[in-house]
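Undergrad: Sharing a structure below in structure tokens format, with a few things to ask.
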Amino acid sequence: MSDTKSVKQIKLAYQQRIPNQLVTAVLVLDQNLAIQYANPAAEALLIRSFNKLYNQPLANLFINDPIKQERLNQLLLSGQEFSDSDVILELFVNYKITIELMASAVTFEDLPHILLELKQIDQQKNINAEAFQHQQWESARDLIRGLAHEIKNPLGGLRGAAQLLSKELTQSQQEYTEMIIEQADRLTNLVDRLLGPNQLPNMTQHNIHSVLEKIYNVVRFDNNEGISFVRDYDPSLPEVTFDDDKLQQALLNIVNNAIQALEHNGTITLKTRAATNKTINGKRIKLCASICIIDNGPGIPTKIRDTLFYPMVSGKTNGTGLGLSISQTLIHQHGGKLSYSSKPGYTEFEILLPIINEASL
Ligand SMILES: Nc1ncnc2c1ncn2[C@@H]1O[C@H](COP(=O)(O)OP(=O)(O)OP(=O)(O)O)[C@@H](O)[C@H]1O
Ligand SMILES: [Mg+2]
């Protein structure tokens with residue numbers, strides 16, 4: 001008998017504690033659809049303490065009307081459970097979250113109540129969208145690499161044959177073989193860029209600002225009248241492990257794009273900050289170095305935004321569209337992330353480089 005009692009006690013103790021540990025937000029509503037219970041996850045999701053939530057009609061919490069009263073009343077009457085995905089809760093002006101909702105009936109002190117389970121999904125959605133973009137980018141890059149590789153092999157033969165042929169020709173005829181050699185060299189150059197970086201990075205600890213200063217010194221003397229540069233560095237940023245040459249190349253591609261977009265009129269800001277708790281490629285990173293390159297130019301053309309990092313995507317008449325794809329590869333080689341946001345007058349490319357890793361999510 002005492003055994004049974006202790007099992008009951010254990011069960012009760014778990015029942016009392018578990019709602020506090022759940023990541024899913026749980027609310028209990030009474031027959032007036034007022035909140036009678038909210039677990040800590042619900043307090044966090046709704047950004048209100050239990051004291052503020054207690055006895056509040058559910059509808060008062062939202063600016064919009066995400067959960068229809070009729071459906072809740074119907075649930076009280078008939079016990080008919082329902083669930084909805086992609087429910088948008090507008091908690092404050094300009095603050096919306098997307099949740100998955102499960103509503104079911106519970107009886108409490110012999111009276112019907114409603115149990116609501118709310119699971120936030122917008123963070124998960126962002127991660128999924130990012131992973132999808134990454135996969136797409138990888139397939140496009142692999143396709144182009146395969147193609148480039150196939151072009152590169154016969155190009156060597158073509159150039160060699162033209163060289164041999166030129167020995168058989170008169171001076172004036174050699175003009176043609178020179179043209180073949182010149183064009184073959186141009187194509188080899190392009191194909192090498194298409195193939196992308198082929199060496200593993202040589203990682204050592206550096207101060208990120210030394211790289212940015214090198215870039216600043218290269219570009220400010222390089223026929224860039226009309227463009228002013230602002231350096232906004234966080235001097236407390238710890239050293240980061242990276243390959244100096246590769247990071248320089250990645251950053252230079254981005255800075256050059258900003259310079260080209262500004263057309264001799266505007267400002268480029270090189271900004272560094274520490275960033276905490278970021279997700280890179282599905283992994284939670286505790287501390288990152290954030291490097292931003294910001295310009296006040298016209299913004300990225302809308303039609304190339306979704307595929308911006310793909311190879312051969314360019315908004316310029318004479319662009320090869322390889323700069324950002326190469327930067328992306330180089331930054332991935334560092335376990336980092338390249339992202340952007342853009343509107344007319346403000347374009348920001350952000351590079352995140354991990355400083356302190358944390359266990360996989
Ligand atoms: N800061 C920016 N402002 C406006 N548009 C930009 C900016 N950065 C990139 N872009 C757009 O993104 C396109 C792709 O850039 P990317 O560097 O990959 O290729 P590209 O500059 O066209 O050619 P490449 O770098 O190979 O010479 C550019 O053509 C441009 O239209
Ligand atoms: Mg470019």
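The values are calculated or read from the model by the stated rules, or taken from the named source; none is laboratory data. What you see is a predicted model, and the numbers here were worked out from it, not measured in a lab. Every residue, glycine among them, receives a Cβ derived from its backbone with ideal geometry; neighbour counts consider all protein chains shown. When the accessible area is computed, the model is the full protein with side chains, heavy atoms only, and any ligands, DNA or RNA have been set aside. Shrake-Rupley method; radii C 1.70, N 1.55, O 1.52, S 1.80 Å.
Undergrad: Taking the Cα centre of the chain as origin, work out the dipole magnitude from +1 charges on Lys and Arg Cβ and -1 charges on Asp and Glu Cβ, in debye rounded to 20. Walk me through the numbers on the way to the answer.
TA: Values: 33 positive and 39 negative charges, 110 e Å.
For the chain, the charge dipole is close to 520 debye.
Undergrad: Lys/Arg Cβ at +1, Asp/Glu Cβ at -1, dipole of region 149-229 taken about the Cα centre: which of Phe221, Ile181, His209 is farthest positive-ward?
TA: Ranked along the dipole, the leading option is His209.
Undergrad: Quick one: ranking Lys343, Lys271, Lys316, Lys167 by accessible area, 1.4 Å probe, largest first, what do you get? Working shown, then result.
TA: Details: Lys343 125, Lys271 55, Lys316 85, Lys167 160 Å².
Per-residue accessible area, sorted high to low, gives Lys167, Lys343, Lys316, Lys271.
Undergrad: OK, next. Relative to 2.2 N^0.38 Å, what does the C-alpha radius of gyration of region 239-287 come to as a ratio? Two decimals please.
TA: 1.50
Undergrad: Per-residue accessible area for Ser49 at 1.4 Å probe radius, Å² rounded to 10?
TA: Per-residue accessible area (Ser49): approximately 50 Å².
Undergrad: Of Leu308, Gln333, Ile356, which is farthest towards the positive pole of region 291-361's charge dipole, taken about the Cα centre with +1 and -1 on the beta-carbons of Lys, Arg and Asp, Glu respectively?
TA: Farthest towards the positive pole: Leu308.
Undergrad: With r as the distance between the Cβ atoms of Ala129 and Ala105 and R0 = 41 Å, compute the FRET efficiency 1/(1 + (r/R0)^6) and round to 0.05. If you can, show how the numbers build up before the last one.
TA: Numbers: r = 35 Å, r/R0 = 0.86.
Between Ala105 and Ala129 the formula returns 0.70.
Undergrad: Roughly what angle does helix 244-262 make with the longest principal axis of the chain, taking Cα atoms, 0 to 90 degrees, to the nearest 10?
TA: Taking Cα atoms only, the helix is inclined about 90 degrees.
Undergrad: Starting from the Kirkwood radius over alpha-carbon pairs of region 199-360, derive D by Stokes-Einstein at 4 °C in a medium of 1.567 mPa s and give it in µm² s⁻¹.
TA: On the way: Rh = 16.1 Å.
Estimated via Stokes-Einstein, D reaches 80 µm²/s.
Undergrad: For region 233-333, what is the accessible area per residue in Å² when the probe is 1.4 Å?
TA: Heavy-atom SASA per residue in region 233-333 reads 44 Å².
Undergrad: How much of the pair distance distribution for region 123-195 lies past 17 Å, counting alpha-carbon pairs only, in percent?
TA: In whole percent, the share of Cα-Cα pairs in region 123-195 beyond 17 Å is 59.
Undergrad: Rg over Rh of region 1-92, using C-alpha atoms and the Kirkwood radius, what does it come to? Kindly include the intermediate steps, with their values, before the conclusion.
TA: Working: Rg = 16.1 Å, Rh = 15.1 Å.
Rg/Rh: 1.07.
Undergrad: Let me ask another. I need the per residue convex hull volume for region 73-223, using only the alpha carbons, in cubic angstrom as a whole number.
TA: 314
Undergrad: Cα axis of helix 122-168 to longest principal axis of the chain: angle in degrees, 0 to 90, nearest 10?
TA: 10
Undergrad: Heads up, I need the accessible area for Phe221: 1.4 angstrom probe, whole protein in place, Å², nearest 10.
TA: That residue has around 150 Å² of solvent-accessible surface.
Undergrad: Also: Quantify, in whole percent, the carbon and sulfur part of the accessible surface of the chain (1.4 Å probe; protein heavy atoms only).
TA: 51
Undergrad: So which of Lys125/Lys286; Lys52/Lys286; Lys68/Lys337; Lys271/Lys316; Lys278/Lys303 end up more than 31 Å apart by C-alpha?
TA: Too far apart for the 31 Å limit: Lys52/Lys286; Lys68/Lys337.
Undergrad: If you don't mind, another one. Multiplying the sequence separation of Glu348 and Ile10 by 0.36 nm and subtracting their Cα-Cα distance, what value in nm do you get?
TA: The span from Glu348 to Ile10 would gain 116.2 nm if fully extended.
Undergrad: In addition: Can you tell me the dipole magnitude for region 123-164 around its Cα centre, using point charges on the Cβ only (Lys, Arg +1; Asp, Glu -1), in Debye to the nearest 20?
TA: It comes to approximately 140 debye.
Undergrad: While we're on this one: What whole-number volume per residue, in cubic angstrom, does the convex hull of the C-alpha atoms of region 280-361 give? Let's see the in-between values first.
TA: Values: hull volume 8.0 nm³, N = 82.
Dividing the Cα hull volume of region 280-361 by its residue count gives 98 Å³.
Undergrad: Taking the 0 to 90 degree range and rounding to the nearest ten, how far is the long axis of helix 208-220 tilted relative to the main principal axis of the chain, both from C-alpha atoms?
TA: Helix 208-220 sits at roughly 50 degrees to that axis.
Undergrad: Sticking with this one: So, with +1 on the Cβ of K and R and -1 on the Cβ of D and E, and no other charges, what is the size of the charge dipole of region 255-331 about its Cα centre, to the nearest 20 debye? Before the final figure, lay out the partial values.
TA: On the way: 9 positive and 3 negative charges, 97 e Å.
In debye, rounded to 20, region 255-331 gives about 460.
Undergrad: Starting from the Cα of Tyr340, step 7 Å along the direction of its Cβ; do the same at Arg220; then give the gap between the two resulting points in nm.
TA: 2.5
Undergrad: Just report the Cα centroid separation between region 155-234 and region 50-120, whole Å.
TA: Cα centres, region 155-234 to region 50-120: 61 Å.
Undergrad: Please label the shape of region 210-257 as rounded, prolate or oblate, based on the square roots a ≥ b ≥ c of the eigenvalues of the alpha-carbon gyration tensor (a/c under 1.5 means rounded; beyond that, a/b larger than b/c means prolate, else oblate).
TA: oblate
Undergrad: Return the sequence-ordered ³J(HN,Hα) values of region 290-306 in whole Hz as given by the Karplus equation 6.51 cos²θ - 1.76 cosθ + 1.60 applied to θ = phi - 60°, using x for Gly and Pro.
TA: 10, 10, 10, 10, 10, 10, 10, x, x, x, 6, x, 4, 6, 10, 4, 5
Undergrad: Moving to a separate point now. Could you pull out every residue, at least 5 positions away or on a different chain, whose amide H is within less than 5 Å of the one on Leu287? Hs are placed 1.01 Å off N in the peptide plane, and Pro or chain starts have none.
TA: Asn277, Ile355, Ile356
Undergrad: Leaving out ligands, DNA and RNA but keeping every protein chain, what accessible area does Val219 have, in Å² rounded to the nearest 10, with a 1.4 Å probe?
TA: For Val219, solvent-accessible area is about 0 Å².
Undergrad: Ok, one more. Enumerate the calculated ³J(HN,Hα) couplings along region 95-105 in order (Karplus 6.51 cos²θ - 1.76 cosθ + 1.60, θ = phi - 60°), each rounded to whole Hz, writing x wherever the residue is Gly or Pro.
TA: Calculated HN-Hα couplings, in order: 10, 10, 10, 9, 10, 9, 10, 10, 10, 9, 9 Hz.
Undergrad: Need the full-extension length gain, Asp84 to Leu190, defined as separation in residues times 0.36 nm minus the C-alpha distance. One decimal, nm. Write out the running numbers ahead of the final one.
TA: Values: separation 106, 0.36 × 106 = 38.16 nm, distance 5.11 nm.
Once the chain is fully extended between Asp84 and Leu190, it gains 33.0 nm.
Undergrad: Let me check against my output: what whole-number percent is the relative contact order of the chain, with C-alpha pairs under 8 Å and at least 6 apart?
TA: Rounded, it is 11 percent for the chain.
Undergrad: Grab the eigenvalues of the alpha-carbon gyration tensor for the chain, scale each by 5, take roots, and send me the semi-axes largest first in whole angstrom.
TA: Its equivalent ellipsoid spans semi-axes of 58, 23, 21 Å.
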